[in-house]
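Encoded as structure tokens, the structure appears first; notes follow it.
Nothing in this text is a laboratory measurement; each read-out follows from the coordinates by a stated rule. Keep in mind it's a predicted model, so treat the numbers as computed, not measured. Here the Cβ is made from the backbone with ideal geometry for all residues, glycine too, and neighbour counts use every protein chain on show.
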Amino acid sequence: MKRVSSALTLGAVAYDAKVVTIWDGFVQWFASRGLAFDYVLYTNYERQVEGLFLGEHDVSWNSPLAWLQAERLARKLGRTARAIAMRDSDQDLRSAILVRADGPVKSLADLTGRRVAFGASDSPQATILPKLHLAENGVDPDRDITAQLFDVLVGKHGDHIGGERDAVKALLAGSVDAACVLDANVLGFSRDGTVPSGALRTLALTEPYDHCNFTVLDDTRAVDVSRFAELLLSQDYGDPVVRPLMDLEGLKAWRVGRTALYAPLERAIDRFGTIEHWLSEHA
Amino acid sequence: MTAHAALDLRDLGLDRGGHILVLRALRELGPGRPLAVTGGHPDLGLQLSVMAREGGHSVTENTGTSPGERKTFTVVAGPALDARARGAARAGSAVHSRDHRGVSDRADERWGVAARGAMVEAGAPRWDFSLDRAEVVWTDDAKKLYAQAAAAQWDPETAIPWDAPITHPPAVEEAVVQVMTYLVENENAALLVPARFLGRIHPHYREVVQLMAIQIADEARHVEVFTRRALLRSSEMALSTAGGQRSLQTLFEETDFVLATMLLSVLGEGSFVDLLRFLHEHGPDEVTRTIADLTARDESRHVAAGMAHVRWAIEQQPQDRGRIRSAIEQRHQALQHTSGLNAEVYDALVLLAAGSFEPEDIARGFDAVQALQRRMLEGRTRRLARLGFSESEAESLAGLHTRNFM
């Protein structure tokens with residue numbers, strides 16, 4: 001049987017209960033502007049990428065890793081994946097490698113032989129990109145250090161902040177010598193009291209990279225997809241009706257999708273073979 | 001781009017409050033105008049870029065502007081900076097003046113629980129306060145009555161001589177327990193009726209909300225002290241009758257604020273003040289007399305508040321007088337087949353005033369209770385007249401009030 005609903009359908013991963021509030025709000029907002037819109041939720045990004053190719057939904061709200069999974073799978077299957085839009089807050093992120101301010105680690109080389117905490121195994125920001133940074137700067141993450149993964153909710157590509165928080169707590173407690181987190185969480189963990197002021201120091205920063213995007217395949221429902229993007233880009237943070245939704249999604253403005261800053265993650269998955277097995281199973 | 005405005009954070013990072021200074025400077029400049037931020041915190045660049053990303057601003061690092069470890073960045077605020085202020089509106093006015101009482105005729109549902117006069121961001125949720133018009137809930141006396149109530153609160157633990165001797169016969173003590181049992185159920189109703197309205201009144205009329213809240217607290221204390229007095233010597237409470245509860249239920253079920261206030265406070269609590277004064281005068285022990293005195297003072301304020309509310313409502317809508325008349329008549333009809341004040345309470349009041357089973361004492365007690373009923377009727381008539389009912393109408397309506405007193 002085939003899907004009958006005519007609504008443009010989004011796929012999203014339920015990494016938190018607020019996901020329902022967000023997309024329910026978008027359903028109403030798009031409806032008020034004449035776009036029939038619906039969404040389906042997945043428990044993990046791998047299943048969501050499958051769903052896009054199986055036609056379960058039309059637009060995926062993808063993590064950067066899920067974007068590359070979709071992009072590479074599309075290429076293998078002779079199709080095209082496009083990143084049509086993203087949040088302003090998805091652009092130019094960096095990850096930080098933190099150490100204790102009073103600790104002995106002064107350089108990346110000092111990490112050799114020490115324990116380094118990462119987030120979930122599939123988290124670009126807390127695991128894959130920091131490992132790339134180490135590798136490209138002479139510290140082999142598989143050989144030179146002892147990696148300790150704080151695997152919270154694998155399959156959600158690090159969307160859940162719990163793994164990074166646990167990594168930082170381990171650093172503060174002294175059970176590891178460094179911890180890798182998203183730049184925003186360096187500030188966030190100070191604000192929420194997880195990290196006392198001045199307790200940690202930023203040892204290194206990765207190069208900038210981009211995060212989530214809305215992904216479509218080929219020219220799926222071109223008219224609806226272009227209307228969807230057009231409406232998103234028209235959202236104004238000054239509009240009190242849409243502002244609560246933008247606050248929940250954590251953005252001030254939508255941007256046209258761009259893919260150049262997924263390059264570091266591409267290098268990482270090539271180097272570590274992160275999705276090779278997954279690709280070979282699906283292509 | 002050349003930055004004209006400048007901020008020096010010295011060594012302060014955004015992880016220790018530096019964002020407050022940056023935001024303050026950006027707000028002074030407004031969106032689109034560059035701010036040069038200089039500082040020595042090693043993570044300043046990282047912190048500013050996170051702040052900019054989260055706030056919809058832009059940040060770039062200046063080169064060669066500062067010596068040593070210090071760096072300078074240019075931050076330009078985006079349009080989201082002042083987005084929340086756009087479309088915001090004041091929740092009425094915080095200012096009082098001679099010709100302006102400071103409250104609005106109608107409280108907007110978007111003001112919600114915001115302080116009166118606060119700036120309310122557009123997009124705030126709408127609140128469903130059904131009592132949102134001054135003509136229904138307001139009274140100019142609310143502020144004064146609240147202040148009086150706040151100043152007159154008493155602590156049951158210390159205000160009442162719980163250890164004072166009780167020397168009267170056991171039968172008289174049984175009468176006290178019966179009266180206290182009756183008082184508790186009436187005060188339960190007097191607590192719940194305003195409590196049900198409290199959540200429906202728009203907080204814009206905060207003096208009214210405060211007055212009702214403290215009135216409810218008074219009733220909570222009354223329930224406590226009546227219960228405690230009943231159980232000083234007895235291990236059980238006495239009788240609660242179907243007729244008494246039916247009478248109170250008609251009060252509880254009244255959904256109109258003005259009518260409920262009229263029935264509860266003006267008529268019911270008004271009669272209760274007389275009853276409590278009776279107990280203050282005839283109570284057989286110091287504990288009972290002190291309790292009656294303190295609770296009567298509280299109840300007098302409740303009557304004053306009820307009178308102020310109803311007088312205000314009638315001034316705003318004179319047709320309310322007709323609705324009040326109908327409500328008194330309807331309650332009378334609803335209760336006419338019930339027994340009124342139960343025989344146990346009536347006899348207990350007689351015995352309490354008599355103090356013994358001597359026939360002469362009983363006769364004196366009976367006369368005192370009859371005098372109490374006359375005082376209650378006169379009081380209700382007087383208050384109705386003060387609300388503008390004609391003398392004969394006041395008298396007839398006062399006579400229709402429930403025989404259960406409250």
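Has the stretch A:262-270 got any residue that is closer than 20 Å to A:Thr9 by Cα and either within 14 Å of chain B (Cβ to nearest Cβ) or not β-branched (Val, Ile, Thr) (or both)?
no
Just checking, does the stretch B:199-208 include any residue being over 25 Å from B:Arg403 (Cα atoms) and in contact with an Asp or Glu (Cβ under 6 Å, 6 or more places away or on another chain)?
yes
Inside the stretch B:111-144, can you point out the residues that are at positive phi and either over 19 Å from the mean Cα position of the chain (by Cα) or not in a loop (DSSP other than H, G, I, E, B) (or both)?
B:Gly117, B:Gly123, listed by residue number.
For residues that are under 27 Å from A:Pro240 (Cα atoms) and in a loop (DSSP other than H, G, I, E, B), scanning just the stretch B:24-81, find the one that is nearest to the other protein chains (Cβ to nearest Cβ).
B:Gly56
Working only within the stretch A:46-82, note down all residues that are out of contact with any strand residue (DSSP E or B) (no Cβ under 6 Å at 6 or more places or on another chain) and of a type in the set (S, T, N, Q).
Selection gives A:Ser63, A:Gln69, A:Thr80.
Residues checked against (1) under 30 Å from A:Val59 (Cβ atoms); (2) crowded, with 22+ Cβ neighbours inside 10 Å; (3) in contact with a Ser or Thr (Cβ under 8 Å, 6 or more places away or on another chain):
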| site | (1), (2), (3) |
| --- | --- |
| A:Ala173 | no, no, no |
| A:Ala178 | no, yes, no |
| A:Leu203 | no, no, yes |
| A:His211 | yes, yes, yes |
| A:Asp219 | yes, no, no |
| A:Phe228 | yes, yes, no |
| A:Gln235 | yes, no, no |
| A:Val241 | yes, no, no |
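Could you list, in sequence order, the residues of the stretch B:6-56 that are of a type in the set (A, V, I, L, M, F, W, C) and either loosely packed, with under 14 Cβ neighbours inside 10 Å or touching a Pro at 6+ places or on another chain (Cβ under 7 Å) (or both)?
B:Ala6, B:Ile20
Checking A:Leu98 against (1) aliphatic (A, V, I, L, M); (2) surrounded by fewer than 20 Cβ atoms within 10 Å (Cβ to Cβ); (3) more than 17 Å from the chain's Cα centre (by Cα): exactly one of these is not met. Which one?
Of everything listed in (1) aliphatic (A, V, I, L, M); (2) surrounded by fewer than 20 Cβ atoms within 10 Å (Cβ to Cβ); (3) more than 17 Å from the chain's Cα centre (by Cα), A:Leu98 misses just condition (2).
Does any residue in the stretch A:78-90 that is within 9 Å of another protein chain (Cβ to nearest Cβ) come within less than 6 Å, Cβ to Cβ, of a residue that is of a type in the set (D, E, K, R) and surrounded by fewer than 23 Cβ atoms within 10 Å (Cβ to Cβ) six or more places away or on a different chain, and which pairs are these?
Between residues of the stretch A:78-90 that are within 9 Å of another protein chain (Cβ to nearest Cβ) and residues that are of a type in the set (D, E, K, R) and surrounded by fewer than 23 Cβ atoms within 10 Å (Cβ to Cβ), the close pairs are A:Asp88/A:Arg255.
Go through (1) of a type outside the set (Phe, Trp, Tyr); (2) within 30 Å of A:Trp29 (Cβ to Cβ); (3) buried (at least 21 other Cβ atoms within 10 Å of the Cβ) for A:Val223 and report which single condition fails.
Every condition holds for A:Val223 apart from (3).
Out of the residues in the stretch A:198-224 that are out of contact with any helix residue (DSSP H, G or I) (no Cβ under 9 Å at 6 or more places or on another chain) and either part of a strand (DSSP E or B) or without any contact (Cβ under 8 Å) to a residue 24 or more places away in the chain (or both), state the one that is nearest to the other protein chains (Cβ to nearest Cβ).
Residue satisfying both the conditions and the ranking: A:Arg201.
Return the only residue of A:Ala263, A:Ala179, A:Ala229, A:Ala268 being over 15 Å from the mean Cα position of the chain (by Cα) and assigned to a helix (DSSP H, G or I).
A:Ala229
Which one of A:Ala85, A:Ala126, A:Ala96, A:Ala17 is under 30 Å from B:His57 (Cα atoms), out of contact with any strand residue (DSSP E or B) (no Cβ under 9 Å at 6 or more places or on another chain) and among the hydrophobic types (A, V, I, L, M, F, W, C)?
A:Ala17
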